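Just so you know, all these numbers are worked out from the coordinates, no wet-lab data involved. Since the model is a prediction, treat every value here as computed from it, not as a measurement. Backbone-built Cβ (ideal geometry, glycine too); neighbour counts: all protein chains shown.
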Amino acid sequence: MDMKFSLALPREALSIPVIRRVLGDALRGLGVAEDCVADILVAASEACTNALQHAPATGDFELAGRVDDDICVLKITDWGRGLRKAPPPAASEPADLAESGRGLRIMRALVDDFSIDSAPERGTVVQLRKRLTWRDEAFIRRLDRSLMHSAG
């Protein structure tokens, strides 16, 4: 099952619940397991919150996503100033009580692959990639089984 979607939203705090609702409903509708949906929603919320904090006040930001087979890939794009310095690697991230950088650690912990591409005047793209787990009664799994049964 392949699915693609894109949301362009204003740089406002109210955009985060909209993203969580649309993305969560889409993943649940496909039959993704609730713990997997929760991980994706928290990671996406962190990335979108960073876009709100760092993009220009008048700009939008975008969440583009796709589900290919058992993988969900999300790209959160803003057209802000870009990162002033590269994000620290996982091993050298800030201490637990540090105010800045916790979102990066949270995203890394919840997804299988995490990357940031950023440049001054070009903005920032955060990519999150997670292998999906499915509910036992997931529609997509029933469909796969019925197609295999009818083919063989």
Report summary line: On the formula 1/(1 + (r/R0)^6), with r taken between the Cβ atoms of Arg66 and Ala33 and R0 of 22 Å, the FRET efficiency rounded to 0.05 is 0.75
Query raised in the report: Where in the stretch 67-82 does the amide nitrogen come within less than 15 Å of the point 7 Å from the Cα of Lys4, taken along Cα to Cβ?
Result: 67-69, 73-75
Query - Glu62, Glu12, Glu137 arranged by Cβ crowding within 10 Å, fewest neighbours leading - result: Glu137, Glu12, Glu62
